[in-house]
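Peer 1: Right, I'll just put the structure down here and ask away after.
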Amino acid sequence: MPDLPSPYPVLGIETSCDETSVGIVVDGAHIRANAIASQADLHALYGGVVPEVASRLHVERMLPVLHTALEEAQLGIRDIKAIATTNRPGLLGALLVGVSAAKALAYALDIPIVGIHHLEGHLYSNFLVAPDLESAFPLLMLIVSGGHTQIMLMEAHGRYRLLGRTRDDAAGEAFDKGARLLGLPYPGGPNLSRLAETGDPKRIHFPRAGMGDSLDFSFSGVKTSIRAFLERDNGQTPLEDIAASYETAIVEALVEKMLRASREYGVKTLCVAGGVAANRLLQLRMREMGEREGLRVVIPDPILCTDNAAMIAAAGYFRLKHGSPHSLDFDTYATERLA
Amino acid sequence: MMLRVILNSREETLRLGMTLGERAVDGTVIALVGDLGAGKTTLTQGIAQGLGVTHPVTSPTFTLVQEYEGRLPLFHCDPYRLERAEDLLSFGFDEYFERRGVVVVEWADKVSDMLPEDLLAVTLSLAPSETIDSDNHPRNCEIEAYGVASMSLLLAVKEAFA
């Protein structure tokens, strides 16, 4: 195993979806910069992601964001020791912008480069808030976002086992679609949570898809339920109560499966990552469960829950430390499983 | 020609999908129409089973398109997040119709201008019911053929599913 010198600043690049981000992390633990230019405001105009606009904006924003990150870190480009970039999965046109920039930098600076799986990046966001996780393997990881909902067992650096996944919709997608049914504007998830804060979560019992003993999730049923409920209700039930009941149904399913997984696999350290990890109720319920069951729960700061490049840089550092760099001709993939 | 069926459960939706998948041929295009929760993804999961796809089929809303390997390749498209139909072109949506395989398009009414003429349109809707248990919520299903190829598929499905 090659021991990396210290300090070892890795520059990460992330352009798999809406965010153009460049981050600089030293020794896989210390964030020196995490510059993010989001397209969310723009996509709100359109009501969703526009792939062509997304790619073009990544091109326009790449260099300014890179400069911002270097300035934030007070480093020159020659101080960077390695490059890490998201190369899978995502919108191909968007991914290619980041990958091309990364390859150009690595070639020009003659330093190592690694392509990182976007979800692996999310896993490593936990190491940025809790560097001691390195000595806490195995870890149980819930990745929960607009595109993904899965439970992974992280046995060591680079060693993942998929324990459960959604069989239909992702949890973030269920939030967004539920919000649209409630008539809330984009981004639906956060708006639904805000509305739910003052609502009665016990007002309606939306069904939880148990999926038997499996650690899989299903969120399309609860989505259909809220629709059927709204059609019958004729606007009698306050929207706050519907939002709170709906949010609770989704969050309880997530927390329940994490508890079940921790018992089944005897894992004491639970991590949450991905955009939905910023959900207040999910954080609260996870922490309550952890306290009740004597389990450690790690949840990154909101900025590290969204798509960002600091997590990619951290993942890149550990890949270089425990594995090897890629050659410059590595590929970019729209879809690929991490485990 | 149109076929109307009532799907009384998730299992029946899956079974209709499997029948479609088993009888689909290279070039089959299935256009799904129906609101959130109408059963489009479930039907597609059935189609995938019928095509012998072993990889789990999940909602492609976030990724826009998912490809699966089966007896024939399956391309599962979902323009739900897109505001304008033309945006599908930016990632080569039209090319899927030239490739060997079966294409399933959710929210097909949003992109009707961009679909080939000969397609099988499947319209799903929730039937009135007291239940909020989505697995047992009855769905109305209308299947309509718009060409020679889709007509022969519809006839095969009608025979098998009746």
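The values are calculated or read from the model by the stated rules, or taken from the named source; none is laboratory data. Everything numeric in this text was worked out from a predicted model, so none of it was measured. Every residue, glycine as well, gets a Cβ built from its backbone with ideal geometry; the counts of neighbours run over all protein chains shown. Surface areas here come from the heavy atoms of the whole protein model, side chains and all, with no ligands, DNA or RNA. Shrake-Rupley method; radii C 1.70, N 1.55, O 1.52, S 1.80 Å.
Peer 1: Tell me what chain A gives for mean residue ellipticity at 222 nm when only DSSP H runs of n ≥ 4 count, each as -39,500 (n - 2.57), the sum divided by the residue total, rounded to 500 deg cm²/dmol.
Peer 2: -14500 deg cm²/dmol
Peer 1: With a 1.4 Å probe, how much accessible area is buried between chains A and B, both sides summed, in Å² to the nearest hundred?
Peer 2: Buried area between the two chains comes out at roughly 2700 Å².
Peer 1: In peptide B:59-70, how many Cβ atoms from other protein chains are near each Cβ within 10 Å, on average?
Peer 2: 5
Peer 1: Taking the Cα centre of the protein assembly as shown as the origin and placing charges on Cβ (Lys, Arg +1; Asp, Glu -1), which of A:SER16, A:HIS122, A:PHE229 is farthest toward the positive end of the dipole?
Peer 2: Looking along the dipole axis, the top candidate is A:HIS122.
Peer 1: Based solely on its DSSP helices, what 222 nm [θ] is calculated for chain B when runs of n ≥ 4 H residues each add -39,500 (n - 2.57) and the sum is averaged over all residues, nearest 500 deg cm²/dmol?
Peer 2: Calculated from helices alone, the mean residue ellipticity at 222 nm is -7500 deg cm²/dmol.
Peer 1: Still on this structure, I have one more. Express the carbon and sulfur contribution to the solvent-accessible surface of chain B as a percent, rounded to the nearest whole number, probe 1.4 angstrom.
Peer 2: C and S atoms contribute 49 percent here.
Peer 1: Among B:ILE30, A:ILE31, what's the order by accessible area (1.4 angstrom probe), most exposed first?
Peer 2: Heavy-atom accessible area, descending, gives A:ILE31, B:ILE30.
Peer 1: Counting other C-beta atoms within 10 Å, and keeping those with at most 10, which DSSP coil trypsin sites (Lys or Arg not before Pro) do you find in segment A:167-270?
Peer 2: Hits after loop and neighbour filter: A:LYS202.
Peer 1: Extending each Cα 7 Å along its Cβ direction at A:SER327 and A:LEU63, get the distance between those two points in nm, one decimal.
Peer 2: Each label point lies 7 Å from its Cα, and together they span 3.1 nm.
Peer 1: Compute accessible area for segment B:116-142 by itself and then with all protein chains, 1.4 Å probe, and report residues whose area falls by 40 Å² or more.
Peer 2: B:LEU126, B:ILE132, B:SER134
Peer 1: Counting other Cβ atoms within 10 Å of each Cβ, which GluC sites (Glu not before Pro) in segment B:93-130 have at most 13 and sit in a DSSP loop?
Peer 2: Filter output for segment B:93-130: B:GLU98, B:GLU117, B:GLU130.
Peer 1: So, one more: Provide, for q = 0.11, 0.13, 0.17 Å⁻¹, the log10 of I(q)/I(0) from a solvent-free Debye sum over equal Cα point scatterers in segment A:182-339.
Peer 2: With one equal scatterer per Cα and no solvent, log10 I(q)/I(0) is -0.59, -0.78, -1.16.
Peer 1: If I model segment A:113-169 as equal point scatterers sitting on the Cα atoms and use the Debye formula, what is log10 I(q)/I(0) at q = 0.17, 0.31 Å⁻¹?
Peer 2: Debye output, listed in q order: -0.57, -1.40.
Peer 1: If you don't mind, there's one more thing I want to ask. Over segment A:139-266, one equal point on each Cα, no solvent: what is log10 I(q)/I(0) by the Debye formula at q = 0.13 Å⁻¹?
Peer 2: Log-scaled intensity ratios, in q order: -0.53.
Peer 1: Can I ask one more? Any chance you could check the Cα centroid distance between segment B:93-113 and segment A:291-339 for me, in angstrom?
Peer 2: 34 Å
Peer 1: Grab the other residues whose beta carbon is less than 11 angstrom from that of B:LEU115, score K and R as +1, D and E as -1, and report the net.
Peer 2: Once positives and negatives cancel, what remains is -4.
Peer 1: Build a GNM of chain A with springs between Cα atoms under 10 Å: which of A:SER55, A:SER21, A:SER225 gets the top mean-square fluctuation?
Peer 2: For chain A, modelled as a Gaussian network with Cα springs under 10 Å, the answer is A:SER225.
Peer 1: Mind telling me which of A:ALA156, A:ALA35, A:ALA174 comes out most flexible in a GNM of chain A, alpha-carbon contacts under 10 Å?
Peer 2: Result for chain A, Cα springs under 10 Å: A:ALA156 fluctuates most.
Peer 1: Can you pull the semi-axes for segment B:2-160, root of five times each eigenvalue of the Cα gyration tensor, sorted largest first, whole Å?
Peer 2: 22, 18, 15
Peer 1: With springs only between Cα atoms under 10 Å, which of B:LEU64, B:LEU43, B:LEU51 fluctuates most in a Gaussian network model of chain B?
Peer 2: Result: B:LEU64 has the largest fluctuation of those listed.
Peer 1: Separate question: On the protein heavy atoms, probe 1.4 angstrom, tell me the percent of accessible surface of segment A:261-339 carried by carbon and sulfur.
Peer 2: 48 percent
Peer 1: Which of the lysines could a cross-linker bridge to A:LYS268, judged by Cα under 28 Å and excluding same-chain residues fewer than eight apart?
Peer 2: A:LYS257, A:LYS321
Peer 1: Could you give the longest part of chain A that holds none of the GluC sites (Glu not before Pro) found in DSSP loops with at most 16 neighbouring Cβ atoms within 10 Å?
Peer 2: So the longest stretch without any such site is A:1-196.
Peer 1: Averaged across the residues of A:221-234, what count of C-beta atoms belonging to other chains lies within 10 Å of each residue's C-beta?
Peer 2: 5
Peer 1: Hey, how many Å between the Cα centroid of segment B:21-88 and the Cα centroid of segment A:184-261?
Peer 2: What the calculation gives is 25 Å, centre to centre.
Peer 1: Ignoring ligands, DNA and RNA, what accessible area per residue does the protein assembly as shown give at 1.4 Å, in Å²?
Peer 2: With all protein chains present, the protein assembly as shown gives 40 Å² per residue.
Peer 1: On the full set of protein chains, 1.4 Å probe, figure out the accessible area of A:THR269 and give it in Å² to the nearest 10.
Peer 2: 20 Å²
Peer 1: A further question on this structure: If the convex hull of the alpha-carbon atoms of chain A is projected onto planes in all directions, what is the mean projected area in square nanometres?
Peer 2: Over all viewing directions, chain A projects a mean Cα-hull area of 16.8 nm².
Peer 1: Mind listing, in residue-number order, the residues in segment B:29-43 that have at least 50 Å² less accessible area with every protein chain present than in their own chain alone (1.4 Å probe)?
Peer 2: Flagged in segment B:29-43: B:LEU36.
Peer 1: Just grab the label-to-label distance for B:GLU130 and A:SER214, each label 7 Å out from Cα along the Cβ direction, in nm (one decimal).
Peer 2: 3.1 nm
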